[in-house]
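Read through the structure below, which is laid out as C-alpha cells, and then see the notes.
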Amino acid sequence: GRQRLVVDCRRSNCWFTDPPKAHLPTCAAYSRLSMPPDAVLYSGGFDLRDAFYQLGLPEFLRPYFGLPDCTASLCPLLAAAGYSTITPRFCAVPTGWTHALNVCQDLFTSVIKEALGPGTELLDDHRPSPSLSRPCVSCYVDNFGVLSTDPVSVRKSVQKARLCVMRTV
C-alpha cells in the first residue's frame, strides 16, 4: 500500500561528472569463501528500508534536483501562509542521480565500519577471501549481511550495526 517517488534525473545528471566505480561485493566474492567441511555457517543481516530517502541531499546540490518556480496556489497551505511563489526542491538523495549508489554505499559502509570497529573484514571482489572464524561483513548499498562460523559474533555484529545505523539515519 505504499508508493515511492521515482525522480527522473537525466537532465540533472548532465551537470555532474561520471561517478567512480562502486565497490560492491558480488557473487564472485561469495564464491571464493571457504571453510572447513565440518563447520557450520551462520548468517544475519538487515535491509535499510528506503535508504536513499533517509539520506539528506546537501543544500548546495538541491537546485539541481528541483522544478522551476511556480505559484503557491498549487499548495493551499503555503498560499495561506503568505507565499506567492514556491520553488520545489528534492531534499533527499534521488535514486535516479548517477552518484546516488556511491553515496549510499560509501556512507553505509562507513557507518558499519564505525559500528563494528577496526579490523572489520569486508567482503570485496578485489580482496582475498576472509576467514569465516571471525565475522565477514557484506555491505551492498542498503543491505547488511554478516557470515561466520561463530553464531555469537554474527548476532553481536548485527545488533551493533543495527544500533549504529538507527542512530545515524
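What are the lysines whose alpha-carbon lies under 28 Å from the alpha-carbon of LYS21, with same-chain residues fewer than 8 places away excluded?
Output for LYS21: LYS113.
First compute the accessible area of the chain with a 1.4 Å probe, then give the percent of it belonging to carbon and sulfur atoms.
Numbers: 6220 of 10800 Å².
Here it works out to 58 percent.
Skip the ligands, DNA and RNA, and give the accessible area per residue of the chain with a 1.4 Å probe, whole Å².
Spelled out: the 1.4 Å probe surface of the chain, per residue, equals 64 Å².
Over its Cα atoms, what ratio of radius of gyration to 2.2 N^0.38 Å does the chain give?
1.33
Which value, in Å² and to the nearest 10, is the accessible area of LYS156 when all protein chains are kept and the probe is 1.4 Å?
Estimated to the nearest 10 Å², LYS156 gives 120 Å².
Taking 8 Å as the Cα distance limit and 6 or more residues as the minimum spacing, I'd like the relative contact order of the chain as a percentage.
It rounds to 32 percent for the chain.
Going by accessible area, probe 1.4 Å, with all protein chains left in place, what is the ranking of ILE112, ILE86, largest first?
From most accessible down to least: ILE86, ILE112.
From the phi of every residue in segment 118-127, what ³J(HN,Hα) in whole Hz does the Karplus formula 6.51 cos²θ - 1.76 cosθ + 1.60 yield, where θ is phi - 60° and glycine or proline is x?
In residue order, the calculated couplings are x, x, 4, 7, 9, 6, 8, 5, 9, 10 Hz.
LYS156: which aspartates and glutamates have alpha carbons under 18 Å from its alpha carbon, excluding same-chain residues fewer than 8 sequence positions away?
Output for LYS156: ASP47, GLU114, GLU121.
Only helical DSSP H runs with n ≥ 4 go in: add -39500 (n - 2.57) per run for the chain, normalise by residue count and round the 222 nm mean residue ellipticity to 500 deg cm²/dmol.
Rounded to the nearest 500, it is -9000 deg cm²/dmol.
Would you kindly find the accessible area of ARG89, with a 1.4 Å probe and non-protein molecules such as ligands, DNA and RNA excluded, rounding to the nearest 10 Å²?
Surface open to solvent at ARG89 totals about 100 Å².
For helix 151-168, report the angle its Cα long axis makes with the longest principal axis of the Cα atoms of the chain; keep it between 0 and 90° and round to the nearest 10°.
Computed tilt is about 20 degrees.
Given the protein chains as shown and a 1.4 Å probe, how many square angstrom of PHE60 are accessible, to the nearest 10?
Probe radius 1.4 Å; accessible area of PHE60 about 150 Å².
The values are calculated or read from the model by the stated rules, or taken from the named source; none is laboratory data. Quick caveat: nothing in here was measured; it's all calculated off a predicted structure. Note: accessible area is taken over every heavy atom of the protein model, side chains too, but ligands, DNA and RNA are not part of it. Shrake-Rupley method; radii C 1.70, N 1.55, O 1.52, S 1.80 Å.
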